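Bear in mind that the values in this text are calculations on the coordinates, not laboratory data. On a predicted model such as this, the values are computed, not experimentally measured, just so you know. Cβ placement follows ideal geometry from the backbone for every residue including glycine, while neighbour counts extend to all protein chains displayed.
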């Protein structure tokens, strides 16, 4: 079913009707591109630092999970490596990669919305997604893995609808392949592959069993292929055991730590934080669902998008953590429902008033809602500097300070020097262009209430003692640890003794009580204004007595 507007038989108007939607899409991309270009130099946050460091290692020929381990699947690591190979191993290079990824996703959102409900829906969905995906409510200025998941989830769904119409095995294979790529970007991407599989089963329920089984197998083969290739590559690189432990054994424990009551509280908190700028969008979504299900022409496609939205939410709800950037996963379906609300309201008003001219009212209302959302975020979008935006969004997290720490290490060490960051700031390794002395680039797992926590602390200690890094960076920022009442203190007790015996402090960078960043020499944690609120101490290894 394709609800696109019929093109006029007249060649000139036909060309115009084909071109003008793309001109509107281009205008949307240019406007949002302007915002993203302003924020190219915004300091990397932790997840970006992880992906950037892993991508940097890949460009050096070092596979994931050898020098840096975490629970995420490695697809985004390779995506970062590809982007940095084109745009450079810099903050700007990473955010230029995001600009390209986000622009492509906007185009696919337009194509999917147009395919299902027509040009108006496609354009409204594209504009909505472009705005929301750069919003601070979803940490949209950062190149999170969820941005790469939806890059594949949206065209996968577009191709799924095409394949359901043609039932060609090749189309189903490519559909599964694209959903498989969404999964290897991050585990939550599996929700989209399951969505496609269940929709295919429903579509094939009345078909001959032989043909249905063949189509399902083609889809499954495409979906499995990216993960199979990743496994073979990592096995050949000798890091498969580390990969499996972190991405499945430990990840399984990680997603089970949040109780339902806390998860519901986190969800409501996140929804409430964005309600001020999104109330109008929610009204259009509800209108789209209600009127779309009542419309005989749109009913089937409305059910498809509502199901797509439901499975997107399952990805967002993984582990019940409801991180802000997880909500990027629901944006494509959400924005298409906004477009459906505008289109169904336009049809209803035109039909009831028997005057097509009144159909302009819903698009005009949408423009006002979009404009209000832009206005409410005008400081971030148009005037705030990259550093100030980072501080406004991430508070007292040491993302600006990390650049200064890394700069000091890079200026005072050789390229083959090893560094250990005792804390969760992997961006320091990327900025410093130095290898980590430990595979534990995050320390959250060491503080969690899970059976591997104490073992992980001692493994990290052993790796650092074995590597004897030239520099150690102690991170005394609370959001770099998130310790709990029952967390083991072994690593802190070891760090105090080990650095006192083998290292000397060369500087401290941190926040004063008034929020200003200061540098204090020789590892002191006080300055003229009193003790630092939070800080990082840089230690340099003492010369060997021999």
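Rounded to the nearest 500, the helix-only mean residue ellipticity at 222 nm of the chain stands at -20500 deg cm²/dmol, with each DSSP H run of n ≥ 4 adding -39,500 (n - 2.57).
Stretching residue 466 away from residue 496 to a fully extended chain increases their span by 9.1 nm, per 0.36 nm per residue minus the current alpha-carbon distance. The residue 542 and residue 165 beta-carbon pair, evaluated with R₀ = 51 Å, returns a calculated FRET efficiency of approximately 0.15.
Relative to the dominant Cα principal axis of the chain, helix 46-59 is inclined by about 80°. Could you work out how far apart the two model spin labels at residue 60 and residue 279 are, taking each label as a point 7 Å from the Cα in the direction of the beta carbon, and quote it in nm? Here the modelled spin labels are 5.2 nm apart.
Each peptide in 456-468, 334-346 was scored by the mean count of other Cβ atoms within 10 Å over its residues; highest first, the order is 334-346, 456-468. Placing pseudo-labels 7 Å out from each Cα toward the beta carbon at residue 294 and residue 310 gives an inter-label distance of 2.2 nm.
Its Cα gyration tensor gives the chain an equivalent ellipsoid. The semi-axes, each the square root of 5 times an eigenvalue, are 46, 27, 20 Å from largest down. Per-residue extension of 0.36 nm, minus the Cα-Cα distance of residue 449 and residue 486, leaves a gain of 12.6 nm for this segment. In this structure, residue 513 and residue 37 have a Cβ-Cβ separation that, at R0 = 35 Å, corresponds to a calculated FRET efficiency of about 0.50.
Helix 190-203 against the longest principal axis of the chain: what's the angle in degrees, Cα atoms only, rounded to the nearest 10? Value to nearest ten degrees: 20. Contact order for the stretch 375-524, expressed relative to its length and based on alpha carbon pairs under 8 Å spaced 6+ residues apart, stands at 21 percent. Using alpha carbons only, how many degrees (0 to 90, rounded to 10) separate the axis of helix 145-166 from the longest principal axis of the chain? The angle comes out near 30 degrees. Structural descriptor for the stretch 11-383: relative contact order 19 percent, calculated from alpha carbon pairs under 8 angstrom and at least 6 residues apart.
Residue ranges 161-168, 20-27, 420-427, 88-95 sort as 420-427, 88-95, 161-168, 20-27 when ordered by packing (mean number of other C-beta atoms within 10 Å per residue, highest first). Comparing Cα centroids, the stretch 162-198 and the stretch 33-86 end up 25 angstrom apart. In this calculation the C-beta distance from residue 231 to residue 504 is compared with R0 = 41 Å, giving a FRET efficiency of 0.35. Computed from label points 7 Å out along Cα-Cβ, the spacing between residue 387 and residue 360 is 4.8 nm. Among 305, 199, sorting on how many other beta-carbon atoms sit within 10 Å of each Cβ, with the fewest leading, yields 199, 305.
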